[in-house]
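S.K.: Dropping a structure here in structure tokens format, bear with me for questions.
The values are calculated or read from the model by the stated rules, or taken from the named source; none is laboratory data. No experiment lies behind these values; they were computed from the predicted model shown. All Cβ positions, glycine included, derive from the backbone under ideal geometry; neighbour counts span all protein chains shown. Keep in mind that these areas ignore ligands, DNA and RNA; they rest on the heavy atoms of the full protein, side chains included. Shrake-Rupley method; radii C 1.70, N 1.55, O 1.52, S 1.80 Å.
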Amino acid sequence: MKLIWTALGKRNPISGAFAGVMLAVLASGPATGQTAAMTIPATTAKPLSPPILIAHRGASGLSPEHTIFAYRLAIEQGADFIEPDLVLTKDNVFIARHENDITGTTNVASHPEFAARKTTKIIDGASHTGWFAEDFTLLEIKTLRAVERLPQLRPASAKYDGQFAIPTLAEIIALAKAETRTTGRAIGIYPETKHPSYFQSIGKPMEEKLVAELNAAGWDSADAPVFIQSFEVNNLKALHAITKIRLIQLMDASGGPADAGVNGAAASYAAMATPAGLRAIASYAYGIGPNKNLIWDGKAAPTTMVADAHAVGLRLHPWTFRAENAFLPAIYRKGTDPATHGDITAEIQAYLNLGVDGFFTDFALIGFNARKAAH
């Protein structure tokens, strides 16, 4: 199961070759005779705030991620917030892509005019070969179209390949404001700064530009319908010094931030997850966005993370709730096909019972109904 979590987490892409590994791991798991109801933690805790529903990259379980279509669909399905991952173009415009390596989420490889721009870069210590957002102007980005990042698991979504343009942050803000007027609900955005240390290193700091764009939208306070999230520490500390917008420290189940050890940044996510680490985070952030396994792995008893975070005033927005067996603990899977949908509803409700203050999901409608039933 560790292989699945490593390759399919919030931060990491999946390769086509990995499909066989997923099937092997799923096939080796426990039989599915157990029911999810038997495994829901008995503990029931109250959140610090009413749980919010965050559409992870839009309705990304149903259509290619980070498109206006995916964001609008998620809003229609009940999302409170839509989540754009932000990277910068050559001419310093924020666009929504999962990574600055746009190889796996656009059709750039099929554009012969851009063939010479394929290159290899070191991003946060790892080598990546492909095409990168920072090497394209916005005008060039707008000639590309989004494609499904996980076609092996989501062939229905892949049918939309080539149909949708890559949105800018400005376009996403405009969508949220328009949908707020149309629906009568407050629709917020939940941007993630992707690889801020890397962008800083190439002369493209993100913090002041992001705050300026949000301020221009009228969003400059803790009451604004915005959260800014990052896996890095100093990026959030810099933001904390220049904005009152709520900040979220992302945490994975292993490893550490790209800026580990820099200016006092924690050496690992494990260190962040301790009571002392959480107290440190509370000095600059409103909450944490932990890998859901840091709260409960679907097997052993839940950890004390919810209680520890709440004790220092931090909200918790765990990630990522996905319907496919490939992303579910064995107790919630149905059969052995990685693409088959298991009981994500029961999984979400288990975390709501543990007192989380919100959650990221690729399936907004399922999340909406699960939250409604749980509360």
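S.K.: Failed condition for LYS334, given (1) of a type in the set (D, E, K, R); (2) open to solvent by 10 Å² or more (accessible area, probe 1.4 Å); (3) not in a loop (DSSP other than H, G, I, E, B), with all others met?
M.R.: Checking LYS334 against (1) of a type in the set (D, E, K, R); (2) open to solvent by 10 Å² or more (accessible area, probe 1.4 Å); (3) not in a loop (DSSP other than H, G, I, E, B), the one that fails is (3).
S.K.: Select, from PHE321, PHE368, PHE327, PHE359, the only residue that is within 20 Å of the chain's Cα centre (by Cα) and open to solvent by 10 Å² or more (accessible area, probe 1.4 Å).
M.R.: PHE368
S.K.: Give the residues of the stretch 68-85 that are open to solvent by 10 Å² or more (accessible area, probe 1.4 Å) and either more than 16 Å from PHE363 (Cβ to Cβ) or touching an Asp or Glu at 6+ places or on another chain (Cβ under 8 Å) (or both), sorted by residue number.
M.R.: ILE68, ARG72
S.K.: Which one of SER201, SER221 is surrounded by fewer than 23 Cβ atoms within 10 Å (Cβ to Cβ) and either under 15 Å from the mean Cα position of the chain (by Cα) or closer than 21 Å to ALA126 by Cα (or both)?
M.R.: Testing whether each residue is surrounded by fewer than 23 Cβ atoms within 10 Å (Cβ to Cβ) and either under 15 Å from the mean Cα position of the chain (by Cα) or closer than 21 Å to ALA126 by Cα (or both) leaves just SER201.
S.K.: Do the conditions hold for ARG315, that is, is it touching a residue at least 40 places away in the same chain (Cβ under 8 Å), within 20 Å of the chain's Cα centre (by Cα) and buried (at least 24 other Cβ atoms within 10 Å of the Cβ)?
M.R.: On the way: touching a residue at least 40 places away in the same chain (Cβ under 8 Å): yes; within 20 Å of the chain's Cα centre (by Cα): yes; buried (at least 24 other Cβ atoms within 10 Å of the Cβ): no.
The answer is no for ARG315.
S.K.: A further question follows. Looking at ALA176 and the list (1) open to solvent by 10 Å² or more (accessible area, probe 1.4 Å); (2) in contact with a strand residue (DSSP E or B) (Cβ under 6 Å, 6 or more places away or on another chain); (3) assigned to a helix (DSSP H, G or I), which single condition is not satisfied?
M.R.: (1)
S.K.: Here's another thing I want to ask about it. Mind counting the residues in the stretch 278-290 that are open to solvent by 10 Å² or more (accessible area, probe 1.4 Å) and under 20 Å from PRO196 (Cβ atoms)?
M.R.: Of the residues in the stretch 278-290, 5 are open to solvent by 10 Å² or more (accessible area, probe 1.4 Å) and under 20 Å from PRO196 (Cβ atoms).
S.K.: Let me ask you something else. Any idea which residue in the stretch 146-173 is farthest from ASP220 (Cα to Cα), counting only those that are buried (at least 20 other Cβ atoms within 10 Å of the Cβ) and among the charged types (D, E, K, R)?
M.R.: ARG154
S.K.: Also, quick follow-up: If TYR351 satisfies all but one of (1) in contact with a helix residue (DSSP H, G or I) (Cβ under 7 Å, 6 or more places away or on another chain); (2) open to solvent by 10 Å² or more (accessible area, probe 1.4 Å), what's the number of the condition it fails?
M.R.: All conditions pass for TYR351, except number (2).
S.K.: Another question about this same structure. Just to verify a result, which residue in the stretch 31-62, among those that are modelled with pLDDT of 80 or more and of a type in the set (A, V, I, L, M, F, W, C), is surrounded by the most Cβ atoms within 10 Å (Cβ to Cβ)?
M.R.: Among residues in the stretch 31-62 that are modelled with pLDDT of 80 or more and of a type in the set (A, V, I, L, M, F, W, C), the one surrounded by the most Cβ atoms within 10 Å (Cβ to Cβ) is ALA55.
S.K.: Additional query: Please identify the pairs in which a residue from the stretch 328-346 that is of a type in the set (Asp, Glu) has its Cβ atom under 6 Å from the Cβ atom of a residue that is buried (at least 17 other Cβ atoms within 10 Å of the Cβ), counting only partners at least 6 apart or on another chain.
M.R.: So the pair list comes out as ASP343/ALA36; ASP343/TYR332.
S.K.: Given the criteria farther than 16 Å from ALA176 by Cβ, out of contact with any helix residue (DSSP H, G or I) (no Cβ under 6 Å at 6 or more places or on another chain), buried (at least 24 other Cβ atoms within 10 Å of the Cβ) and at pLDDT 95 or above, does GLU65 qualify?
M.R.: Against the criterion (farther than 16 Å from ALA176 by Cβ, out of contact with any helix residue (DSSP H, G or I) (no Cβ under 6 Å at 6 or more places or on another chain), buried (at least 24 other Cβ atoms within 10 Å of the Cβ) and at pLDDT 95 or above), GLU65 qualifies.
S.K.: Can you tell me how many residues within the stretch 235-252 are among the polar types (S, T, N, Q) and touching a Pro at 6+ places or on another chain (Cβ under 8 Å)? Give the steps one after another, and end with the answer.
M.R.: The first filter runs over the stretch 235-252 and keeps only residues among the polar types (S, T, N, Q), leaving 235, 243, 249.
Subset that is touching a Pro at 6+ places or on another chain (Cβ under 8 Å): 235.
So the answer is 1.
S.K.: Counting just the residues of the stretch 86-135 that are assigned to a helix (DSSP H, G or I) and touching a residue at least 24 places away in the same chain (Cβ under 8 Å), which one comes out surrounded by the most Cβ atoms within 10 Å (Cβ to Cβ)?
M.R.: ALA133
S.K.: Restricting the search to the stretch 111-142, which residues are among the acidic types (Asp, Glu) and farther than 18 Å from HIS66 by Cβ?
M.R.: The answer is GLU113, ASP124, ASP135.
S.K.: One residue is enough: does the stretch 189-197 have a residue meeting the conditions touching a residue at least 60 places away in the same chain (Cβ under 8 Å), among the aromatic types (Phe, Trp, Tyr), within 12 Å of ILE82 (Cβ to Cβ) and open to solvent by less than 30 Å² (accessible area, probe 1.4 Å)?
M.R.: Yes; the residues of the stretch 189-197 include at least one that is touching a residue at least 60 places away in the same chain (Cβ under 8 Å), among the aromatic types (Phe, Trp, Tyr), within 12 Å of ILE82 (Cβ to Cβ) and open to solvent by less than 30 Å² (accessible area, probe 1.4 Å).
S.K.: Could you list, ordered by first residue, the pairs with Cβ atoms under 6 Å in which the first is in the stretch 56-73 and closer than 12 Å to GLU148 by Cα and among the polar types (S, T, N, Q) and the second is open to solvent by 10 Å² or more (accessible area, probe 1.4 Å) and at pLDDT 95 or above, at least 6 apart or interchain?
M.R.: What qualifies is SER63/PHE69; SER63/TYR160; THR67/PHE164.
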